[in-house]
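First up is the structure itself, then whatever we jot down about it.
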Amino acid sequence: MTEPGAGVGTVRLRDGVEIELSDGRTVVADADRPRGDVNVLSHAHGDHLYDDPPERVVCSALTAALAEARREEAGPLTRESVPEIDLYEAGHVAGSRAVLITDPGTDRRYCYTGDISTRDRAYLSGFSPPDADVLIIEATYGRPEYVFPDQADLEAEITEWLAETIDRPVLLFGYSLGRAQKLQLLAQRAGRSRVLVSKAISRINGVIEEYRDVSFDAERSGPDTELEAGDALVLPTGTNNLAFVDAILEETGALKAGFSGWAMNSAFKYRGDYDATFTLSDHCDFAELVEVVETVDPEIVYTQHGFADELATHLTGLGYETRTLKRNQTALGDF
Ligand SMILES: [Zn+2]
């Protein structure tokens with residue numbers, strides 16, 4: 001069965017984002033079971049990472065190493081490079097890349113961003129968008145109210161809080177790949193006496209330290225670790241509601257802080273039962289997303305993830321041809 005409008009130049013969201021080239025090959029990005037003629041992995045976050053590995057994949061060496069660490073049971077990954085695909089630093093997390101795919105038959109250029117941040121942070125350079133005819137952009141914070149503070153101000157606010165509370169231990173919650181590493185560096189900068197991390201974060205630290213010129217100087221915490229005043233313990237966000245966290249709070253009088261773009265909503269603080277929250281994010285805010293689109297200035301924009309409809313509506317208002325990518329729905333190429 002042929003879907004209406006399917007064919008050359010079609011961008012679809014199926015299992016991952018699928019782009020069909022003029023020679024009939026498909027490029028598939030960030031699928032659970034990648035089965036494209038060419039498969040791309042933008043970064044090693046769970047919602048982009050395969051469950052069942054592809055035979056070969058286009059990604060950075062660091063993303064491959066992180067993916068192998070996070071999907072140990074799947075075995076080693078085989079990376080390939082293909083002439084039609086160029087990788088660009090996505091500025092999201094260590095190893096993350098956006099891709100520019102050039103159709104060899106038509107010279108049409110497709111930019112798939114994966115997750116992006118245009119801010120320089122710690123050892124990450126912000127995403128500098130390439131020119132493209134078709135842009136497929138993430139829309140996590142694609143609503144006008146999500147505009148984050150200046151990065152330097154934000155980091156100063158965080159280190160001030162970490163210094164002011166030095167007479168107590170603190171628990172800092174962030175994703176194990178991304179926020180967790182930045183929190184360790186900020187805790188060091190704030191003069192915290194020890195920076196401790198969970199097993200999962202320690203493993204990711206090790207991979208990043210191997211590939212990048214950075215050292216997190218963190219100790220691995222365990223059941224016998226006794227938290228003291230001055231300590232900062234960095235934990236994966238998902239552990240916030242676990243019983244061991246409550247036990248630590250009760251025993252040590254530690255404070256809890258949460259870090260996310262969603263901290264702009266007061267519900268974030270309340271739901272996580274945090275003492276403090278900060279809008280530290282590894283994504284573009286709304287204004288930065290719009291700026292990326294304006295810089296690329298494509299003929300058509302596809303939005304996906306988060307506030308995809310809202311961002312699409314805004315971009316349509318700015319005069320862009322826009323589509324929201326939704327699973328199993330063919331988005332027409334129109335050219
Ligand atoms: Zn991500």
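The values are calculated or read from the model by the stated rules, or taken from the named source; none is laboratory data. The shown structure was predicted, so the numbers you read here are calculated from the model rather than taken from an experiment. Neighbour counts run over all protein chains shown; Cβ positions are idealised from the backbone, glycine included.
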Exercise. So is GLY16 farther than 22 Å from VAL207 by Cα, within 16 Å of the ligand (Cβ to nearest atom) and surrounded by 22 or more Cβ atoms within 10 Å (Cβ to Cβ) or not?
Worked result: yes
Exercise. Out of (1) part of a loop (DSSP other than H, G, I, E, B); (2) within 16 Å of the ligand (Cβ to nearest atom), the odd one out for LEU66 is which?
Worked result: (1)
Seminar exercise, completed: Condition set closer than 11 Å to LEU235 by Cβ and of a type in the set (A, V, I, L, M, F, W, C), scope region 175-202, selection modelled with the lowest pLDDT: answer is ALA200
Exercise. Among GLN188, GLN181, which is in the same structural domain as ALA263 (by TED's automatic domain parsing), closer than 28 Å to ARG203 by Cα and buried (at least 23 other Cβ atoms within 10 Å of the Cβ)?
Worked result: GLN181
For this session: Name every residue in region 54-63 that is assigned to a loop (DSSP other than H, G, I, E, B) and within 16 Å of the ligand (Cβ to nearest atom), in order of residue number.
Result: CYS59, SER60
Problem set entry | Considering residues of region 184-205 that are part of a helix (DSSP H, G or I) and out of contact with any helix residue (DSSP H, G or I) (no Cβ under 8 Å at 6 or more places or on another chain) only, the residue nearest to the ligand (Cβ to nearest atom) | ALA200
Exercise. Give me the pairs: first residue in region 114-136 and at pLDDT below 95, second residue within 16 Å of the ligand (Cβ to nearest atom), beta-carbon distance under 6 Å, and six or more apart or on different chains, which are they?
Worked result: ALA122/LYS182
Seminar exercise, completed: A careful count of residues in region 230-270 that are of a type outside the set (A, V, I, L, M, F, W, C) and under 22 Å from the mean Cα position of the chain (by Cα) gives 10
Exercise. Restricting region 206-227 to residues that are in a loop (DSSP other than H, G, I, E, B) and in contact with a strand residue (DSSP E or B) (Cβ under 8 Å, 6 or more places away or on another chain), which is nearest to LEU177 (Cα to Cα)?
Worked result: PHE216
For this session: For GLU155, indicate whether it is surrounded by fewer than 24 Cβ atoms within 10 Å (Cβ to Cβ) and part of a loop (DSSP other than H, G, I, E, B).
Result: no
Problem set entry | Unmet criterion (only one of (1) within 12 Å of the ligand (Cβ to nearest atom); (2) at pLDDT 95 or above) for GLY46 | (2)
Seminar exercise, completed: VAL27 meets each of (1) out of contact with any Cys (no Cβ under 9 Å at 6 or more places or on another chain); (2) free of Cβ contacts under 8 Å to residues at least 60 places away in the same chain with one exception, condition (2)
For this session: Tell me the strands (runs of 3 or more DSSP E) entirely within region 264-333 that contain at least 2 residues that are among the hydrophobic types (A, V, I, L, M, F, W, C).
Result: 276-278, 300-304
Exercise. Does any residue in region 164-177 that is within 19 Å of LEU280 (Cα to Cα) and away from the ligand (no atom under 16 Å from the Cβ) come within less than 8 Å, Cβ to Cβ, of a residue that is modelled with pLDDT under 95 and assigned to a loop (DSSP other than H, G, I, E, B) six or more places away or on a different chain, and which pairs are these?
Worked result: PHE173/ASN240
